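All remarks here apply to the structure that follows.
Values in this text are rule-based calculations from the coordinates and carry no lab data. A quick note: this is a predicted structure, and the numbers were derived from the prediction, not measured. Cβ sites come from the backbone with ideal geometry, for glycine too, and all protein chains shown count toward neighbours.
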Amino acid sequence: MKFSEEFETRFAEMVPHYPTKRSALVPTLLYAQDEIGFLSDEVIAEIASRLDLTELEVRNVISYYSMLTTKPRGKFNVQVCTNISCMVRGGEELLQHCAKKLGIGHKQTTPDGLFTLEEVECIGACSWAPAAQVNYDFHENLTAEKMDRILDEYRKTGTQ
Amino acid sequence: MADLVFHPDEVKVVSRRFGLGATNIDRYVELDGYKAVQKALAMEPDAIIAEVKNSGLRGRGGAGFSTGMKWSFVPKQSAKPKYVLCNGDESEPGTCKDRLIFEHDPHSVIEGVMIGALAVGAKSGYIYIRGEYRYLSIIMQKAIRDAYAKGFVGKNIFGSGRDLDIYWHGGAGAYEVGEESALMESLEGKRGIPRIRPPFPAVVGLWGGPTVINNAETLANVPHIILGGADWFAKLGTPKNGGTRLFCLSGNIAKPGVYELPMGYNLRKMIYDVGGGIPNGRELKAVVPGGASCPCLTADEIDVAMDFDSVQKAGSMLGSGGVVVVDDAQCIVKFALRTMKFYQHESCGWCIPCREGTDWLKKTLIRFHAGGGVKKDIDNMQYLAENMLGRTFCPLGDAAAMPTIAFVKKFRKEFEEHLEGRPCPFEKENAAEPVLA
């Protein structure tokens, strides 16, 4: 199991910040997932051994956090917020629009592996609603047209 | 990233450096940065705590507990190391203020953590930022590195002979982790399940050591209090409610945004003057005054001073400062359903009243909104929610129950309009079906 140099530097820097190794688990899992795309059996085994945990203990933590996944996702994870502030400004319609445009539903991935669609809970963009996150990028004050342009842009970078 | 807004009634304390490039450490120092921590280094710990107590600063995360009081609960002597933990797991629906603090003024949070650490005798502080806020984690990590490079943090800070370390920590998506004991579990690398209290974190917290946990906005206020003085800060607000508040206006409002207004600012004025009122010729129906967990206020109940005590007297809570405005085109049953769907999704499942209660309420509300409701459901929902109150280890159960009770009580007629298979009277043509994961 090989991670990037950047991951290794970050991991080496992070672990001594805590009195127990295990404390580095959650951010480490997220960084590993960013790199590999999802938390594969191999990744789980590797992180478990590094932090002196059992694989079961790691899986137990993974299943709690909504951003962590043991299943592959598309290159771009389109996360549309439909919580209250977004809902009253058209968040649900925006989600439906994305579903139609991408031809997929909640937590599904397009056949080309480019996009995964996800309905998410509040992402902290309430005053700029409706909002979505594509991977870690915030997109705010959205309309269907604006969303189309954003998705087209990602499609372009993703197929280059 | 997120747009800034301005209004003449604003009083800028926490947002003073927004838009001024204060993520740069030299710029932050130019703007009086790291002066407060130097002042605090020359103060006795008890004097720092007294100053914060007298300022009337209360927890900005939602509970509104006196910050100085919280700090005073930490024992002076402790065999285990003490810690300060900044809660930046902002996820209460309607709340987007800590995001701006991290984006524009990360050093103010670092400085607040440092002053808190000096006050309680801690040698390390952790700043926990939710996983979705990756760009803010990057900003914060750089700010911490810069502070170390300048010698402001680390060994022998400002030549005082004292050591103080500040670390960043990241989450991975969980509302529940915003609750203080679940936050500690998460930082220790576990599922974010609340701890049984007592013992309280001030006595037994992170890795068993005494721990102070404060919201990011609370801590960002601290340097201003140390520099400006408790009296100045207290006078900005109302009695026992010192300072200002970052209010996040969202929903059906003409000028949404995060505005810093004095504690006790009138809610009607906030909606109609600051926020520009309700757009599209619509009327106000309800306001959620402090994030999704706070009972809604109806259009007749908005002449209220927005401080902790006044909003509580009005039957709700000031909460986390998320003011969600709902116009008369919105269906309250649908709104209640979406709120409950959130709590059901976020319930960690440990306490049965919360786990089963949120699920049952969500299912009832889905059926009810779809026209499958019977009259008895209305009383049942209220009864069930009332029986969740105070019966869980953490406040998530209450957070789910309280808004539900208010929706049913205050908008009973609207619930009744959904009975007998009638279609939702507010449903727009070709309305989107909720996915309801």
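Annotations
- With a 10 Å cut-off around each Cβ of B:333-345, the average count of Cβ atoms from other chains is 3.
- Each of B:Asp379, B:Asp359, B:Asp105, B:Asp146 was scored by other Cβ atoms within 10 Å of its Cβ. Arranged with the fewest first, they read B:Asp379, B:Asp359, B:Asp146, B:Asp105.
- By the combined test of axial Cα extent (at least 20 Å) and Kyte-Doolittle hydropathy (mean at least 0.0), the qualifying DSSP H helices of chain B come to B:106-120, B:134-149, B:396-410.
- Rounded to the nearest 10 degrees, the inclination of helix A:25-36 to the longest alpha-carbon principal axis of chain A is 60 degrees.
- Averaging the sequence gap over all C-alpha pairs within less than 8 Å and six or more residues apart, then dividing by the number of residues, gives chain B a relative contact order of 16 percent.
- Nonlocal amide H pairs with B:Thr244, under 5 Å, H built at 1.01 Å: B:Met263
- Residue mean of other protein chain beta carbons inside 10 Å, B:171-179: 5
- Here's how it looks for B:Gly277: its modeled amide H is under 5 Å from those of B:Ala254, B:Lys255, B:Tyr272, which are all 5 or more places away or on a different chain.
- Counted over chain A, the DSSP beta bridges are approximately 55% antiparallel.
- Here chain B carries DSSP beta bridges of which approximately 45% are antiparallel, counting only pairs with both residues inside.
- In terms of its C-alpha gyration tensor, segment B:25-236 comes out rounded, because the ratio a/c of the largest to the smallest axis stays below 1.5.
- Positive minus negative residues near A:Arg149 (Lys, Arg vs Asp, Glu; Cβ under 13 Å): 0
- Positive-end residue, the protein assembly as shown charge dipole about Cα centroid, Cβ charges, pick of B:Pro289, B:Leu419, B:Met317: B:Met317
- Summing Cβ point charges (Lys, Arg +1; Asp, Glu -1) relative to the Cα centre of segment B:191-259 gives a dipole of roughly 240 debye.
- Positive end of the dipole of segment B:33-160 (Cβ unit charges, origin at the Cα centre): among B:Val52, B:Val37, B:Phe102, the Cα lying farthest that way belongs to B:Val37.
- Here the peptides B:131-143, B:344-356, B:9-21, B:89-101 are ranked by packing, the mean other Cβ count within 10 Å, and the order with the highest first is B:89-101, B:131-143, B:344-356, B:9-21.
- Residues with amide H under 5 Å from that of B:Lys285, placed H, sequence gap 5 or more: B:Val326, B:Asp327, B:Asp328
- Inter-centroid distance (Cα atoms) of segment A:36-62 relative to segment B:349-390, Å: 37
- The long axis of helix A:144-159 is offset from the longest Cα principal axis of chain A by roughly 50 degrees.
- Shown in residue order for segment B:13-25 are the 3J(HN,Hα) couplings computed by the Karplus curve 6.51 cos²θ - 1.76 cosθ + 1.60 at θ = phi - 60°: 10, 5, 8, 3, 9, 4, x, 10, x, 6, 5, 6, 5 Hz (x for Gly and Pro).
- Using alpha-carbon coordinates, inclination of helix A:5-14 to the longest axis of chain A, degrees: 70
- Rounded to 5, percent antiparallel among DSSP beta bridges of the protein assembly as shown: 45
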